[in-house]
Amino acid sequence: MYKTFPNIGFIEKKLNKETIKILKSYVKNKQDKFNYSLAGNINSSFNIKDKNNWFYNNIIVPTIIEYQKNSIIDLDPKILTKNCAFVLNAFWVNFQKKHEFNPIHKHNGVFSFVIWLDIPVNFKKESKLNFVNHSNSPKASCFEFVYTNTLGQIETYRYQLGSNYNETMLFFPSKLNHVVYPFYTSNKNRISISGNVALDPQKIIDKKNVL
C-alpha cells in the first residue's frame, strides 16, 4: 500500500460580490504607506482598515475554522500556557506596476492571505514574450508557493494569473514561502490585498476558539 507523508496545505476560495464590494471600499479609503514593512519591490503599498472588523468576522474567522478542521497539523505554538485569541494584525493593499515584483518571502503571524481584486494581464499572453516563450519554467505574472518535499528538494505550486483569478483568496500558514513574479504586457496596476492573522496575548480565552 502506497503511503504519503502529511504536509501543510492552504485554502483557495472565491469571495462573493458583497465581500469584494466592501474590500474595494477599504481600498478606496486606503491609509498610510506600508512599504517599509514589506519585502515587495513595489512602490505603492498602503495600510487599509477593516471597518467594524467586518472582514475578519465574516471571512477570516470561518476560514480559520475551515483550516483547523481540515489541517493535519496544529499551527498554534506549543509554548503557550494559555489560549490566545486570533487577531488581524496587518492588512494592506498592493498596487503592483509593470516590472515590479515580490521576492521569495514569508510573513509574520500564524496565517496570511492574498486576495486578487484586479489582474490586468493574462499568463498565456505573458508566456509569449520573447524572453519567456523558450523557457522550461515560464513564470512571468505568476504567484508561486515554494516548499520542500520529504527528500529535502525544493518544490513549487504555481498560479498562472489571469482575470479568472480575480476575487480569489488564498489563505495559508504565514511561514509558507511565496513569490510574486513581475508582469510585462500591461501598464495597469495589479491590485491585491494581503493580511496577517496573529495570536493576541492581550486577549486570553478559556478554550480554543478563534474569536
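Annotations for the structure displayed:
- For residue 8, the stated conditions hold: it is surrounded by fewer than 15 Cβ atoms within 10 Å (Cβ to Cβ), touching a residue at least 60 places away in the same chain (Cβ under 8 Å), of a type in the set (Val, Ile, Thr) and assigned to a loop (DSSP other than H, G, I, E, B).
- Once the stretch 148-164 is narrowed to residues that are among the small types (Gly, Ala, Ser) and in contact (Cβ under 8 Å) with a residue 24 or more places away in the chain, the residue that is surrounded by the fewest Cβ atoms within 10 Å (Cβ to Cβ) is 163.
Rundown of residues vs (1) modelled with pLDDT of 95 or more; (2) of a type in the set (Lys, Arg); (3) assigned to a strand (DSSP E or B); (4) within 19 Å of the chain's Cα centre (by Cα), yes/no style:
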| residue | (1), (2), (3), (4) |
| --- | --- |
| 86 | no, no, yes, yes |
| 107 | yes, no, no, yes |
| 112 | yes, no, yes, yes |
| 117 | yes, no, yes, yes |
| 132 | no, no, no, no |
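- The selection criterion, being touching an Asp or Glu at 6+ places or on another chain (Cβ under 6 Å), among the hydroxyl-bearing types (Ser, Thr, Tyr) and either more than 26 Å from residue 91 (Cβ to Cβ) or at pLDDT 95 or above (or both), does not hold for residue 186.
- Residues of the stretch 20-41 satisfying the condition of being of a type outside the set (Val, Ile, Thr) and not in a loop (DSSP other than H, G, I, E, B): 21, 23, 24, 25, 26, 28, 33, 35, 36, 37, 41
- The single residue among 172, 145 that is in contact with a Phe, Trp or Tyr (Cβ under 7 Å, 6 or more places away or on another chain) and surrounded by fewer than 19 Cβ atoms within 10 Å (Cβ to Cβ) turns out to be 145.
- Entry remark, the stretch 29-52: residues being surrounded by 13 or more Cβ atoms within 10 Å (Cβ to Cβ) and not acidic (Asp, Glu) number 15 in total.
- There is no residue in the stretch 59-67 that is touching a His at 6+ places or on another chain (Cβ under 9 Å), surrounded by 17 or more Cβ atoms within 10 Å (Cβ to Cβ), touching a residue at least 60 places away in the same chain (Cβ under 8 Å) and under 27 Å from residue 9 (Cβ atoms).
- On inspection, residue 74 passes the criterion of being surrounded by fewer than 19 Cβ atoms within 10 Å (Cβ to Cβ) and at pLDDT below 95.
- Qualifying residue in the stretch 60-83 (condition: touching a helix residue (DSSP H, G or I) at 6+ places or on another chain (Cβ under 6 Å) and within 15 Å of residue 194 (Cβ to Cβ)): no
- Test: residue in the stretch 109-118 that is touching a residue at least 40 places away in the same chain (Cβ under 8 Å) and farther than 28 Å from residue 25 by Cα: no
- Of the residues screened, residue 139 is not one that is surrounded by fewer than 16 Cβ atoms within 10 Å (Cβ to Cβ), free of Cβ contacts under 8 Å to residues at least 60 places away in the same chain, basic (Lys, Arg) and assigned to a loop (DSSP other than H, G, I, E, B).
The values are calculated or read from the model by the stated rules, or taken from the named source; none is laboratory data. Predicted model only: the values in this text are computed from it and were never measured. All Cβ positions, glycine included, derive from the backbone under ideal geometry; neighbour counts span all protein chains shown.
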